[in-house]
C-alpha cells in the first residue's frame with residue numbers, strides 16, 4: 001500500500017509542475033493560423049518587422065556633421081524616432097540584446113547618447129559591435 005501512495009504523490013507532483021507551464025506557453029504568439037470555416041487553405045498573416053528578430057542591431061552612421069541611425073536596416077532620422085522605435089521593439093521583446101554598431105567617424109558622444117536611448121527604452125542587454133579585422 002505504501003509504494004502505491006508514493007507513486008500517487010509522485011504523479012501528483014509531476015502534474016502540478018507540468019500544469020504550471022501551460023499558462024506561459026499559451027500566451028506566446030504563433031504564426032500558425034487556423035483556416036476559416038469551410039476553406040481548406042490556411043490564411044497567412046504577415047508578421048511585423050519587430051515580431052521576427054533575435055537581436056536588435058542599431059547602426060550609428062555619420063552623415064557629415066549629423067548622425068543617422070538604422071534599426072534593423074530601417075532608417076531613423078532623429079533621436080525621438082529612435083527612442084519610439086526601440087520602445088516599440090521593447091514592448092514586444094524586452095530581453096532581446098541590442099547591438100550598437102557605430103561607424104568609426106561617429107563622435108563618442110553620439111554613441112553614448114544612443115546607448116542611453118536604448119537603456120531608456122527598457123533594454124538591459126546592450127552590446128557593442130567591433131569592426132572586422134582584415135586578414
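The values are calculated or read from the model by the stated rules, or taken from the named source; none is laboratory data. This structure is a prediction, so every number in the text was calculated from the model and none was measured. Quick reminder, even Gly has a Cβ in these numbers, built from the backbone with ideal geometry, and neighbours come from all protein chains shown.
Since residue 62 meets every condition but one in (1) part of a helix (DSSP H, G or I); (2) surrounded by 13 or more Cβ atoms within 10 Å (Cβ to Cβ), which condition does it not meet?
(1)
Among the residues of the range 94-107, count how many are surrounded by 14 or more Cβ atoms within 10 Å (Cβ to Cβ) and within 18 Å of the chain's Cα centre (by Cα).
Within the range 94-107, residues that are surrounded by 14 or more Cβ atoms within 10 Å (Cβ to Cβ) and within 18 Å of the chain's Cα centre (by Cα) number 5.
Looking at the range 73-93 only, could you name the residues that are crowded, with 17+ Cβ neighbours inside 10 Å and either on the phi > 0 side of the Ramachandran plot or not in a helix (DSSP H, G or I) (or both)?
Once the filter is applied, which keeps residues that are crowded, with 17+ Cβ neighbours inside 10 Å and either on the phi > 0 side of the Ramachandran plot or not in a helix (DSSP H, G or I) (or both), the range 73-93 yields only 76.
Might you check whether a residue that is surrounded by fewer than 11 Cβ atoms within 10 Å (Cβ to Cβ) and farther than 11 Å from residue 60 by Cα occurs anywhere in the range 118-131?
Yes, that holds for at least one residue.
Look through 33, 66, 62, 49 and report the one residue that is more than 13 Å from the chain's Cα centre (by Cα) and at pLDDT below 80.
It is 33.
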